[in-house]
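K.L.:
There's a structure below that I have some questions on.
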Amino acid sequence: PSKLTIPLEVGTRVEAKDYCGKWYPSKIKDVDEKNQEVLIHFEGWSSRFDEWIDLKSSRLRPTVRTSSRK
């Protein structure tokens, strides 16, 4: 079972870590239930950087929202 507490649907916003260890806002473009992977699009980047990431990977997490309000 996936440790993610987010809906695994196309269009869901998540955060994904790139190979340099930096988190980026991302969006699920496709879900492969058979192989337990999601196709991630790193927002603001070309689709050539889109990547299949295993659902159990520590490189995926729900979007963390921060506020600058006090």
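K.L.:
Quick one: ARG59 ticks every box in (1) closer than 14 Å to GLU9 by Cα; (2) within 8 Å of the chain's Cα centre (by Cα) except a single one, so which number is it?
P.N.:
Result: ARG59 fails condition (1) only.
K.L.:
Which of the residues spanning segment 44-67 are charged (D, E, K, R) and surrounded by 12 or more Cβ atoms within 10 Å (Cβ to Cβ)?
P.N.:
Taking segment 44-67 first, the residues charged (D, E, K, R) are 48, 50-51, 54, 56, 59, 61, 65.
Scanning segment 44-67 gives ASP50, GLU51, ASP54, LYS56, ARG59, ARG61.
FYI, it's all coordinate maths here, none of it is from the lab. Since we're looking at a predicted model, the values are computed, not measured. Glycine gets a Cβ as well: all are built from the backbone with ideal geometry, and neighbour counts include every protein chain shown.
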